[in-house]
Amino acid sequence: MAERLSFSDEVSNLLYAAHGNPLTTCIQCGTCSGTCPVVPYMDHTPRRLIGMITAGLKEEVMASNTYWSCASCYHCNVRCPQGIDIAELMYALKRLSIWRAQHKEGLIGPVFSETFVKTIFKSGRSYEPVLATSYLFTFGVQEFLQEAQTATSLMLKGRLPVLPPRIKRLDNFGRMLRRIIPMGDAK
Ligand code: SF4
Ligand code: SF4
């Protein structure tokens, strides 16, 4: 019978194409957390999240907002003394939580990402008016009205398409996407 992978190995496998050193080489120095500009918005610092992964705390890691708050600035990567690719780890955890449909309720990131992928499956292109609806309401009515006004101005100036653009040979594109993104039933 196939041996069940530990959570730490599962995450490490997701990083097989990244350039960094294994997470197990982390010395918990905290340089990444001290460098990260969005730590105040994270429920666990990057240092602690890595410690939780190596400790196998899967449920807690999957429920964290840390990787959804990551701004991909790469400051942590540049300063980590162990050469760990922390930014790529954040991307890998986003992918994992979407594939497993295991993420904290009420986060904008997962909804935005799913809407983006579904839009790409449907038309082959990103379409801002659809993407915006996945998060704009969370900022309140005033923000929504301001953004709607901006979108209307952009449409009138021809900077934003009124109808979603659609690429040629969309079926071929969809088949290719289904091979790399396990969201094959996205409609
Ligand atoms: S900077 Fe690198 S070694 Fe230090 S805690 Fe962060 S990941 Fe670990
Ligand atoms: S890449 Fe993400 S985790 Fe690293 S410092 Fe920037 S925001 Fe923080």
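The values are calculated or read from the model by the stated rules, or taken from the named source; none is laboratory data. On a predicted model such as this, the values are computed, not experimentally measured, just so you know. Because the Cβ atoms are built from the backbone with ideal geometry, glycine has one as well, and the counts that use them run over all protein chains shown. To get the accessible areas, we keep the full protein, side chains included, count just its heavy atoms, and leave off ligands, DNA and RNA. Shrake-Rupley method; radii C 1.70, N 1.55, O 1.52, S 1.80 Å.
For Val78, work out the one condition from (1) under 26 Å from Ala101 (Cβ atoms); (2) within 15 Å of ligand 1 (Cβ to nearest atom) it doesn't fulfil.
The number of the failed condition is (1).
I'd like the residue in the stretch 82-113 that is open to solvent by 40 Å² or more (accessible area, probe 1.4 Å) and in contact (Cβ under 8 Å) with a residue 60 or more places away in the chain and, out of all such residues, is farthest from the chain's Cα centre (by Cα).
Here the residue is Gln82.
Can you report the number of residues in the stretch 89-99 which are touching a His at 6+ places or on another chain (Cβ under 8 Å) and within 14 Å of ligand 1 (Cβ to nearest atom)?
0
Here is a yes/no grid of residues against (1) within 14 Å of ligand 2 (Cβ to nearest atom); (2) not hydroxyl-bearing (Ser, Thr, Tyr):
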site	(1), (2)
Asn21	no, yes
Val39	yes, yes
Leu49	yes, yes
Ser64	yes, no
Ala71	yes, yes
Ile84	yes, yes
Gln102	no, yes
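Filter the stretch 58-70 for residues that are within 16 Å of ligand 1 (Cβ to nearest atom) and not in a helix (DSSP H, G or I) and give the result.
Residues satisfying the conditions are Ser64, Cys70.
Among the numbered criteria (1) within 11 Å of ligand 1 (Cβ to nearest atom); (2) assigned to a loop (DSSP other than H, G, I, E, B); (3) touching a Cys at 6+ places or on another chain (Cβ under 9 Å); (4) farther than 17 Å from Tyr16 by Cα, which one does Gln28 miss?
The failed condition is (3).
Filtering the stretch 4-13 down to residues that are away from ligand 2 (no atom under 16 Å from the Cβ) and outside any loop (DSSP other than H, G, I, E, B), which residue is surrounded by the fewest Cβ atoms within 10 Å (Cβ to Cβ)?
Asn13
Return the only residue of Arg125, Arg159, Arg166, Arg178 being at pLDDT below 90 and in a helix (DSSP H, G or I).
When all the criteria are applied, what remains is Arg178.
Can you tell me which residue within the stretch 31-56, out of those that are within 12 Å of ligand 1 (Cβ to nearest atom) and of a type in the set (Gly, Ala, Ser), is most open to solvent (accessible area, probe 1.4 Å)?
Out of the qualifying residues, it is Gly34.
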